[in-house]
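Presented below is the structure to which this report refers.
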Amino acid sequence: MAALAGHRVVAMHINACQPMEGVELFPYTLSGQPSGQSHRWLSDLEAKVYRGEAAYLAAKQLRRSGFTPDVIVAHPGWGESLFLREVWPQARMGIYCEFYYHAQGADMGFDPEMSPAKEDDGCRLRLKNANYDLHFPISQAGLSPTHWQRSVFPEPFRSKITVMHDGIDTQHIRPKPDVAMTLGTRKGSITLTRNDEIITFVNRNLEPYRGYHIFMRALPAILKARPRARVLIVGGDGVSYGALPATKNGEAGSSAKGWRQVFLDEVKADLDLDRVHFLGRIAYADFVQMLQLSAVHVYLTYPFVLSWSLLEAMSAGCAIVASDTPPVREAIVHNQTGLLVDFFDVAGFANKVISLCEDPQERKRLGHAAREFAIDQYDLRSHCLPGQMAWAQSLRDMPV
């Protein structure tokens, strides 16, 4: 947008931000912190109000300098955009509609083993959604990355939401037959190539929300059936979405042991640990290399936001075994762009991974189709960025 003649783009940011050509960066800081004394249902909204206040004060500074935007584009998830229309009431606002919580039918209560439904979930989530509810009256339009994520938003605002994914760079992330990656092990360094049988699994943090427990429970059968296979697991030891494991006395989210170790301990007696490699969080270039090496990539998620890593694996031409959950079904069409398995079917995941390891032609077919689908539906330059630009430009002409 900044490259278009006649446009001035200012980005307000509270975290460190890399310079962007043509974009004026306007940093600001929090003006206060939650007290920690509010009702437990209200704590999330209170934190967002503090961030909204900080952005509001920064916006007033911008207004005093003479800046008056025609359009405000915001991710409202942390509350920064709550009060911007108080500063610029004539501006049109478009918001990123990532997820609207429900006590039933989405992530909550989906996995009773890990997160059993609680009687007060509806009360807590109603307050969690209040941030979006406060944005709907002041926003002219929304943008969601998948059709299912759009579908969880309530009417009448749902009808104002356009579906357009953030986009991935399919030219950068592409198959590379001669890829090689050096891996440090307790027995010394090894170099992996496409001649090796590599099974990959990626989470930002290794946790139940993204099916880490299901994957680990499938590994003993996979490694027993495939004695040459190596498993590369990427992800941190914290949590991105759920809570940490409970302590032995049942205190939720306070165990010193993270989910990675909990589920490794559950199955490690049945694993050849010399063939299971936990890489932690790795540099992006290494992540791309790992996908290019992958013979079979496994992806699971609760019904929740779609991970970029799935689409990047598709772009790399991976043969993918994924959970049959929304919004995964929008990207992985069973037996066309990958294979789908019921989220809780541990044996099913093991069998599908094993069958693909045994069938290089099927891996090639699925990987090629996955890449073509990623290019057609999720490529940043040819599809997603033009769609985002058209959406942002359309905001200017919407009634306030």
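Rule-based calculations on the coordinates, nothing more; no lab input. Values in this document were obtained by computation on a predicted structure and should not be read as measured data. Positions of Cβ are generated from backbone atoms using ideal geometry, with glycine treated the same way; all protein chains shown enter the neighbour counts.
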>> Could you tell me the relative contact order of segment 180-378? Use alpha-carbon pairs under 8 Å, at least six residues apart, and round to a whole percent.
In response: 23
>> Using amide H atoms built in the peptide plane, which far-off residues or other-chain residues are under 5 Å from Cys97 H to H?
In response: Leu143, Ser144
>> Cross-link candidates for Lys224: which lysines have Cα within less than 22 Å, leaving aside residues fewer than 8 places away along the same chain?
In response: Lys187, Lys268, Lys352
> How large is ³J(HN,Hα), in whole Hz, for each residue of segment 346-359 in order, when computed from phi with the Karplus curve 6.51 cos²θ - 1.76 cosθ + 1.60 and θ = phi - 60°, using x for Gly and Pro?
Replying inline: 4, 4, x, 5, 4, 5, 5, 5, 4, 5, 6, 4, 7, 10
> Tally Lys/Arg at +1 and Asp/Glu at -1 over every other residue whose Cβ is under 10 Å from the Cβ of His213; what's the total?
Replying inline: -2
>> With +1 assigned to the C-beta of every Lys and Arg and -1 to the C-beta of every Asp and Glu, and no other charges, what is the dipole magnitude of segment 180-378 about the Cα centre in debye, to the nearest 20?
In response: 460
> What is the distance in Å between the Cα centres of segment 267-344 and segment 1-68?
Replying inline: 35
> Looking at Leu42, Gly122, Val400, which one has the Cα that reaches farthest to the positive end of the dipole of the chain (charges on Cβ: Lys, Arg +1; Asp, Glu -1)?
Replying inline: Val400
> Among 7-18, 303-314, 107-118, 226-237, what's the highest-first ranking by average C-beta atoms within 10 angstrom per residue?
Replying inline: 303-314, 226-237, 107-118, 7-18
>> Quick check: pseudo-label points 7 Å beyond the Cα along Cα→Cβ at Thr162 and Gln18, how many nm apart are they?
In response: 2.6
> Tell me, what HN-Hα J-couplings in whole Hz come from the Karplus equation 6.51 cos²θ - 1.76 cosθ + 1.60 at θ = phi - 60° for each residue of segment 303-309, using x for Gly and Pro?
Replying inline: x, 7, 5, 7, 6, 4, 4
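At R0 = 22 Å, how high is the FRET efficiency between Arg64 and Met389 if r is their beta carbon distance? Nearest 0.05 is fine.
So, using R0 = 22 Å, E works out to roughly 0.15.
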>> Over the Cα atoms of segment 110-186, what radius of gyration and what Dmax do you get, in Å?
In response: 20.4, 58
> What does the helix-only formula give at 222 nm for the chain: each DSSP H stretch with n ≥ 4 adding -39500 (n - 2.57), the total divided by the residues, and the result rounded to the nearest 500 deg cm²/dmol?
Replying inline: -9500 deg cm²/dmol
> Counting Lys +1, Arg +1, Asp -1, Glu -1, what net charge surrounds Phe344 among other residues with beta carbon under 12 Å of its beta carbon?
Replying inline: -4
> So what's the angle, to the nearest 10 degrees on a 0 to 90 scale, between helix 284-293 and the longest Cα principal axis of the chain?
Replying inline: 40
>> In whole Hz and in residue order, list the ³J(HN,Hα) couplings for segment 122-131 that follow from phi through the Karplus curve 6.51 cos²θ - 1.76 cosθ + 1.60, θ = phi - 60°; x for Gly and Pro.
In response: x, 5, 5, 6, 4, 6, 5, 6, 4, 4
>> Tell me which of Gln18, Ser139, Ile375 sits at the most positive position along the dipole axis of the chain, charges placed on C-beta atoms (Lys, Arg +1; Asp, Glu -1).
In response: Gln18
>> With +1 assigned to the C-beta of every Lys and Arg and -1 to the C-beta of every Asp and Glu, and no other charges, what is the dipole magnitude of the chain about the Cα centre in debye, to the nearest 20?
In response: 520
> Out of the DSSP beta bridges found with both residues in the chain, what percent are antiparallel (nearest 5)?
Replying inline: 15
> Nearest 0.05, what FRET efficiency do His368 and Ser189 give at R0 = 25 Å with Cβ-Cβ as r?
Replying inline: 0.20
>> Calculate the FRET efficiency for Ser35 and Lys268 from the Cβ-Cβ distance with a Förster distance of 56 Å, rounded to the nearest 0.05.
In response: 0.80
>> Full-extension gain between Ala243 and Asp324, please, as 0.36 nm times their residue separation minus the C-alpha to C-alpha distance.
In response: 26.8 nm
>> Cβ neighbours within 10 Å, averaged per peptide: list 28-40, 158-170 in order, most packed at the top.
In response: 158-170, 28-40
>> Rounded to the nearest 20 debye, what is the charge dipole size of segment 77-234 about its Cα centre when +1 sits on each Lys and Arg Cβ and -1 on each Asp and Glu Cβ?
In response: 720
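Classify segment 209-327 as rounded, prolate or oblate from the Cα gyration tensor: take a ≥ b ≥ c as the square roots of its eigenvalues, call it rounded if a/c is under 1.5, otherwise prolate when a/b beats b/c and oblate if not. Show your work: numbers first, answer last.
Numbers: a/c = 1.73, a/b = 1.26, b/c = 1.38.
Judged from the Cα gyration tensor, segment 209-327 comes out oblate (a/c at least 1.5, b/c at or above a/b).
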>> Positive end of the dipole of the chain, charges at C-beta (+1 Lys, Arg; -1 Asp, Glu), about the Cα centre: which of Asn335, Ala350, Ile199 has its Cα farthest in that direction?
In response: Ile199
> Tally Lys and Arg at +1 and Asp and Glu at -1 over the other residues with C-beta under 12 Å from the C-beta of Tyr101: what net charge comes out?
Replying inline: -2
> Could you give the length gained on full extension between Arg396 and Gln377, defined as 0.36 nm per residue of separation minus the Cα-Cα distance, in nm?
Replying inline: 4.2 nm
